[in-house]
Amino acid sequence: MQRFSPRLKMTAEMVRDGAVAADIGTDHAYLPAYLVSSGTCPRALATDLREGPLRNAAETLAQLSLSDKIELRLSDGLDGISSDDADDFIFAGMGGTLIVEMLSRAVWIKDKTKRFVFQPMSRPEEVRAFLISNGFTILYENACFDECRPYIAFCAEYSQAEAKDYADSYIYTGELFRCKNDAASYHFTKTYIYLKKRADALEYANLLPDEVEFIRKILPDIKQYTKIQAKD
Ligand SMILES: C[S@@+](CC[C@H](N)C(=O)[O-])C[C@H]1O[C@@H](n2cnc3c(N)ncnc32)[C@H](O)[C@@H]1O
């Protein structure tokens, strides 16, 4: 198999030992191939919206003699998948907005026996907001550098937790604040700078005062996990 990237390895580490995994938006199926060949998963399902990526996936599986252990399936998000298909469901390399759209259409996800693993490329706060307002608990998060870019991943399970238990800033910090590595602090620094610039621009244009107030309120919480000095 091609080099298995630190980003995908970090994501794979959140899948439970012995779980049947479903990789949603699999492209080359590198992630399920790693999970099965490393012995973490006895078998897996690899899905994609398009035929082209599934052809890439079929090639990977043929090269690694894994075609009998990993099923390929054409599916838009979770639409063609049922709760019985897997234990752990992975959403990697896609934007947070798309991930939330997929989750919103699947009523069966509120099942305490299932685990959901996310590696959003953008808007992780949308995924966290969906999770906490739908009774899921984020178990843990991690961050890593891959070719000098920071990536984050987190996993969650349904627990009927109530959204009111969380601070406003939680959708931006999640459980990542517990992860003290450089990639996490780089991620928080990028988030802090983006939000501060957005609040400044909105305020300057006299737009969306509620959003400006919200951002100003949560900025100190995010800042403490960055390498930005207190006076900045
Ligand atoms: C950037 S690739 C990520 C591949 C792999 N998961 C990774 O992290 O390296 C995104 C993949 O998601 C697929 N995709 C996009 N929208 C999708 C949807 N609604 N349902 C399933 N797959 C989708 C794309 O076809 C593409 O193969």
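The values are calculated or read from the model by the stated rules, or taken from the named source; none is laboratory data. Remember, it's a predicted structure, so these values are computed and weren't measured experimentally. No Cβ is skipped: glycine too gets one built from the backbone with ideal geometry, and neighbour counts run over all protein chains shown. The area values use the complete protein model at the heavy-atom level, side chains included, leaving out ligands, DNA and RNA. Shrake-Rupley method; radii C 1.70, N 1.55, O 1.52, S 1.80 Å.
Key figures
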read-out	value
Matching entry among 12, 62, 22, 46 (being assigned by TED's automatic domain parsing to the domain that holds residue 154, of a type in the set (A, V, I, L, M, F, W, C) and farther than 20 Å from residue 96 by Cα)	62
Among (1) assigned by TED's automatic domain parsing to the domain that holds residue 108; (2) assigned to a helix (DSSP H, G or I) - the single one residue 188 does not satisfy	(1)
Pick from the range 57-84, criterion near the ligand (Cβ under 9 Å from one of its atoms) and acidic (Asp, Glu), ranking: least open to solvent (accessible area, probe 1.4 Å)	76
Within the range 16-32, considering residues that are open to solvent by less than 10 Å² (accessible area, probe 1.4 Å) and more than 10 Å from the ligand (Cβ to nearest atom), the one nearest to residue 54 (Cα to Cα)	22
Whichever residue in the range 109-146 is among the β-branched types (Val, Ile, Thr) and assigned to a helix (DSSP H, G or I) and, among such residues, is surrounded by the most Cβ atoms within 10 Å (Cβ to Cβ)	127
Check on residue 231, at pLDDT 95 or above and not assigned by TED's automatic domain parsing to the domain that holds residue 115	no
Residue pairs meeting the criteria (Cβ under 7 Å; at least 6 apart or on separate chains; first touching a residue at least 12 places away in the same chain (Cβ under 8 Å), in the range 166-179; second open to solvent by less than 50 Å² (accessible area, probe 1.4 Å) and basic (Lys, Arg))	170/128; 171/128; 174/128
Residue match in the range 85-108 (condition: within 11 Å of the ligand (Cβ to nearest atom) and part of a loop (DSSP other than H, G, I, E, B))	yes
